[in-house]
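A short worksheet on the structure shown next.
The values are calculated or read from the model by the stated rules, or taken from the named source; none is laboratory data. Computed from a predicted structure; not experimentally measured. Reconstructed Cβ throughout: ideal geometry from the backbone, glycine too, with neighbour counts over all protein chains shown.
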Amino acid sequence: MAAKFLCSRCGISTYCNAACQKAHWTNGHKKGCINIQQFTIELDRQKVLLGLDHPEVLSLMEKLADGYCQQGKHDLAESLLVQCVEKRRVIDAEHPEVLLAIMEKLADVYCKRNKHNLAESLLVDCFEKRKAINPDHPKCLHIMDKLGSVYSEQNKYSLAKSLLVPCLAKRRSILGEYNPETITTIYNLALLYDNRRKFSKSEPLLLECFEKSRLILGNDHPQFKLVMCLMCASYAAQDRVMESQPLFIEMTQRIRARFN
């Protein structure tokens, strides 16, 4: 289906209808939607007026990095965020929350660029700092889950398991069984087991994740679709065709409905 709508602010994102545009705006595009050219001019002006180390200049650099991420220009986003982290380490040493948020954002960009070793280094630092503040805080558990997933991406099974198992236990206890973040950790742990072909451990988690994702997030949520894909692949890897086939058919129907 040809795109009919163009975001008037960034001039990049295109949509097939107004409903898709509205959904994208509320689900994340609002945060990173900027006119890159105009924003770059303003950033350069503020650098001259305030200096490279001024917090407002760093905030503008971070916002521009968000815009680049929205456009898929993760190399440009990485360059800006590396500078921000270096400067924030100095000026925000006594106020770590801003620094930790930027470090996590840079780690996300590293993951998008398959630089998992660099992401790991940042997330380990974030995790240690978060644990020192409050090891049971949802933000600490968020980093714990993310670091476990980065370990998993690098096939560091023992390290990944040592984080994801206790993270899931804490999220079940603190956030609740049906919290979306708990469901995310269930999925990540299931993925870890499945990649190691430990199907007896991954299957109960996948079934749990499937039911809770469908109930809490809905059939069209990206997380639910990921769960469906993993279940289908897992059953196929075990030659359980009768169980993978209905999932495959449902996924195909959803794709056809999505693209008309």
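Only residues that are out of contact with any helix residue (DSSP H, G or I) (no Cβ under 6 Å at 6 or more places or on another chain) and loosely packed, with under 15 Cβ neighbours inside 10 Å were counted in segment 149-165, giving 4. Among residues of segment 19-43 that are under 15 Å from His221 (Cα atoms) and at pLDDT below 75, those with a Cβ under 8 angstrom from a residue that is surrounded by 13 or more Cβ atoms within 10 Å (Cβ to Cβ) and among the hydroxyl-bearing types (Ser, Thr, Tyr), sequence gap 6+ or separate chain, pair up as His24/Ser13; His24/Tyr15.
Checking each residue in segment 93-134 for being modelled with pLDDT of 95 or more, farther than 14 Å from Glu62 by Cβ and of a type in the set (Asp, Glu) picks out Glu120, Asp125, Glu128.
The numbered conditions (1) at pLDDT below 90; (2) surrounded by 19 or more Cβ atoms within 10 Å (Cβ to Cβ); (3) among the basic types (Lys, Arg) are all true for Lys146 except (1). Residues being in a helix (DSSP H, G or I), over 19 Å from the mean Cα position of the chain (by Cα) and either of a type outside the set (D, E, K, R) or farther than 24 Å from Ser149 by Cβ (or both) are represented in segment 60-73 by at least one member.
Within segment 104-152, being aromatic (Phe, Trp, Tyr) and either in contact (Cβ under 8 Å) with a residue 24 or more places away in the chain or touching a Ser or Thr at 6+ places or on another chain (Cβ under 8 Å) (or both) holds for Tyr110, Tyr151. Restricting attention to segment 6-18, the residues that are at pLDDT 70 or above and surrounded by 15 or more Cβ atoms within 10 Å (Cβ to Cβ) total 2.
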